Amino acid sequence: MTALSDEQQAAAHSSEQEPKRSGVMTAVGRWAAVVVVLAFVAVLAFGLRYRNASQPTEGTIAPDFTLPLFSGYEADLGSEVQLASLRGKVVVINFWASWCITCRDEQIFLEQAWQRYKDKGVVFLGVDYVDTEPAARQYLQEFKVTYPNGPDIQTRISPLYRIRGVPETFVVDKSGTIVMFHPAPFSDRVSQSEFIATIEKALEE
């Protein structure tokens, strides 16, 4: 029998170990692939659950939040306002943005409604969504808006209401319950009449 040289012995040893290493690497690769797939499925499931989750609507308690207010738009509420602190009042929460074209269709109406009810126990809150303060202020000045407005900093408020666009408006009664959800601008007589009727009814209760 011919003896193997040192180089031949090393090569033979290496060839024996290669299948073992290959098997280990294959197993690790498979586990890594499983982990990636599971992570993807979890993220997808969470996204679908959030997208398909229903928005707060009539008959549910309005999610609480604290809104920092633009200076000059506090209306005696201070530098910020917490929704829960307004129990006993009717609250109108309007999500809007300066870049929103359809928001412009309802802005004059909302300001007129605020002027009509501001001394009757109704508070309007404008929540400025994904905007810049200079653009927001220019918009508010253009439409001569006077009711409280502030930015949804780091979009902390909008996820609570699961808004899908702007404008969207919620009317909250004195007990903190949502009595109207309107996912569109108040740009026609029908929707405007329903809005006013909702406020009137909430004030009577």
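The values are calculated or read from the model by the stated rules, or taken from the named source; none is laboratory data. All of these numbers come straight from a predicted model, not from anything done at the bench. Glycine also receives a Cβ, built like all others from the backbone with ideal geometry; neighbour counts cover every protein chain displayed. Calculation scope for accessible area: heavy atoms of the full protein, side chains included, ligands and nucleic acids excluded. Shrake-Rupley method; radii C 1.70, N 1.55, O 1.52, S 1.80 Å.
One table, with the values for the structure above:
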item: 18 Å reach of a label modelled at Gln112, 7 Å along Cα-to-Cβ, counting backbone N of the range 168-205; result: 185-200
item: Environment charge of Pro68, counting only residues whose C-beta is closer than 13 Å and scoring Lys/Arg +1, Asp/Glu -1; result: -4
item: Relative contact order [Cα under 8 Å, 6+ residues apart], the range 127-205, whole percent; result: 22
item: Surrounding net charge for Val81, when Lys and Arg each add one and Asp and Glu each subtract one, Cβ distance under 15 Å; result: -2
item: Cα gyration tensor category, rounded, prolate or oblate, for the range 98-182 with a/c compared to 1.5; result: oblate
item: Local net charge near Ser187, Cβ-Cβ under 15 Å (Lys/Arg +1, Asp/Glu -1); result: -4
item: Pairwise label distance in nanometres, Leu203 with Lys144, each label 7 Å out on the Cα-Cβ vector; result: 2.1
item: Lys118 - accessible surface, heavy atoms, 1.4 Å probe, Å² rounded to 10; result: 80
item: Of all accessible heavy-atom area on the range 129-174, the percent that carbon and sulfur account for (1.4 Å); result: 52
